[in-house]
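Input: a single structure, listed below in structure tokens.
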Amino acid sequence: MKIEAKRKFLVSGQGWKASVVKTIHLRDGLVMHMPGTKLRVRREAERAFLTLKGPRTGLSRREFNYEIPLNDADILLADHCEGLLVERIRHLLHFGGLVWIVDVYEGALEGVITAEVELDYPHQDIELPGWVGTEVTGNPAYLHANMLQQA
């Protein structure tokens with residue numbers, strides 16, 4: 001179990017593209033979602049995970065992450081996610097001594113681009129790159145389940 005602390009932003013501009021060091025195609029589905037808790041299945045090309053995230057306390061929350069067989073992930077995504085599937089291309093890059101994640105959404109959420117940075121501890125001071133726009137940390141409109149309902 002780890003404690004996740006992160007901030008999330010909308011992306012403004014293309015300046016991030018020159019710094020990308022890795023790109024991953026992700027397919028996520030919510031197996032279970034209730035206020036403050038979610039169980040997600042995530043499928044990458046070569047790996048898959050079940051992740052349980054607990055309620056937030058400020059910028060942080062507990063996260064339990066377990067690798068699962070690819071076939072299990074495919075079945076969970078097909079049979080247990082009630083159409084709440086998110087597809088995106090995840091780009092990893094470094095800025096200000098931290099790893100930033102830029103997600104370019106596909107499918108129902110095409111056109112949405114967000115950036116996240118995982119913090120070493122809540123309320124860590126960070127330098128913001130010029131390509132980030134409005135901060136949406138904690139904004140319920142930017143939770144995947146809510147984004148899909150608006151699509």
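The values are calculated or read from the model by the stated rules, or taken from the named source; none is laboratory data. Quantities reported herein were computed from a predicted structural model and do not represent experimental measurements. Ideal geometry is used to build each Cβ from the backbone, glycine not excepted, and the neighbour counts take in all protein chains shown.
What are the residues in the stretch 119-151 that are of a type in the set (Val, Ile, Thr) and out of contact with any helix residue (DSSP H, G or I) (no Cβ under 7 Å at 6 or more places or on another chain), if any? Write out each step before concluding.
First pass over the stretch 119-151, keeping only residues of a type in the set (Val, Ile, Thr): 126, 132, 134, 136-137.
Of everything in the stretch 119-151, those that are of a type in the set (Val, Ile, Thr) and out of contact with any helix residue (DSSP H, G or I) (no Cβ under 7 Å at 6 or more places or on another chain) turn out to be Ile126, Val132, Thr134, Thr137.
Within the stretch 44-151, which strands (runs of 3 or more DSSP E) (wholly inside it) include 3 or more residues that are over 29 Å from Gln14 (Cβ atoms) and among the hydrophobic types (A, V, I, L, M, F, W, C)?
Result: 48-53.
Criterion first (within 27 Å of Gly133 (Cα to Cα) and either exposed (fewer than 15 other Cβ atoms within 10 Å of the Cβ) or touching a residue at least 60 places away in the same chain (Cβ under 8 Å) (or both)) does Ile3 satisfy it?
On the way: within 27 Å of Gly133 (Cα to Cα): yes; either exposed (fewer than 15 other Cβ atoms within 10 Å of the Cβ) or touching a residue at least 60 places away in the same chain (Cβ under 8 Å) (or both): yes.
So Ile3 passes the test.
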Quiz item: Between a first residue in the stretch 22-34 that is closer than 20 Å to Arg56 by Cα and a second residue that is of a type in the set (Gly, Ala, Ser), which pairs have beta carbons less than 8 Å apart while being 6 or more apart in sequence or on different chains?
Solution: Leu30/Ala145; His33/Ala145
Practice problem: Name the single residue, out of those in the stretch 106-138 being under 21 Å from Leu26 (Cβ atoms) and free of Cβ contacts under 8 Å to residues at least 24 places away in the same chain, that is surrounded by the most Cβ atoms within 10 Å (Cβ to Cβ). | Solution: Glu106
Quiz prompt | Any chance Pro35 is in contact with a Ser or Thr (Cβ under 7 Å, 6 or more places away or on another chain) and exposed (fewer than 14 other Cβ atoms within 10 Å of the Cβ) | solution = no
Practice problem: Scan the stretch 64-91 and report the pairs whose first residue is farther than 17 Å from Thr37 by Cα and touching a residue at least 24 places away in the same chain (Cβ under 8 Å) and whose second residue is in a helix (DSSP H, G or I) and of a type in the set (Phe, Trp, Tyr), with Cβ atoms within less than 8 Å and a gap of 6+ or a chain change. | Solution: His91/Trp16
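Hey, among Leu70, Leu30, Leu50, which residue is farther than 19 Å from Val102 by Cα, at pLDDT 95 or above and in contact with a helix residue (DSSP H, G or I) (Cβ under 9 Å, 6 or more places away or on another chain)? Give the steps one after another, and end with the answer.
Values: Leu70 fails: in contact with a helix residue (DSSP H, G or I) (Cβ under 9 Å, 6 or more places away or on another chain); Leu30 fails: at pLDDT 95 or above.
Within the list Leu70, Leu30, Leu50, the selection yields Leu50.
Go over the candidates Arg47, Arg61 one by one and state the one that is within 15 Å of Ile24 (Cβ to Cβ) and without any contact (Cβ under 8 Å) to a residue 60 or more places away in the chain. Walk me through how you get there before you give the answer.
Working: Arg61 fails: within 15 Å of Ile24 (Cβ to Cβ).
Among Arg47, Arg61, only Arg47 is within 15 Å of Ile24 (Cβ to Cβ) and without any contact (Cβ under 8 Å) to a residue 60 or more places away in the chain.
To keep it simple, each residue is scored yes or no on (1) aliphatic (A, V, I, L, M); (2) surrounded by 14 or more Cβ atoms within 10 Å (Cβ to Cβ).
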{"site": "Val41", "(1), (2)": "yes, yes"}
{"site": "Pro55", "(1), (2)": "no, no"}
{"site": "Arg62", "(1), (2)": "no, yes"}
{"site": "Tyr66", "(1), (2)": "no, no"}
{"site": "Ile89", "(1), (2)": "yes, yes"}
{"site": "Leu92", "(1), (2)": "yes, yes"}
Self-check item: Single unsatisfied condition, Met32 versus (1) within 20 Å of Glu118 (Cβ to Cβ); (2) part of a strand (DSSP E or B); (3) in contact with a Lys or Arg (Cβ under 9 Å, 6 or more places away or on another chain)
Solution: (1)
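Test Lys22 against the stated conditions and say whether it is more than 23 Å from His94 (Cα to Cα), part of a strand (DSSP E or B) and within 17 Å of the chain's Cα centre (by Cα).
No; evaluated as a whole, the condition is false for this residue.
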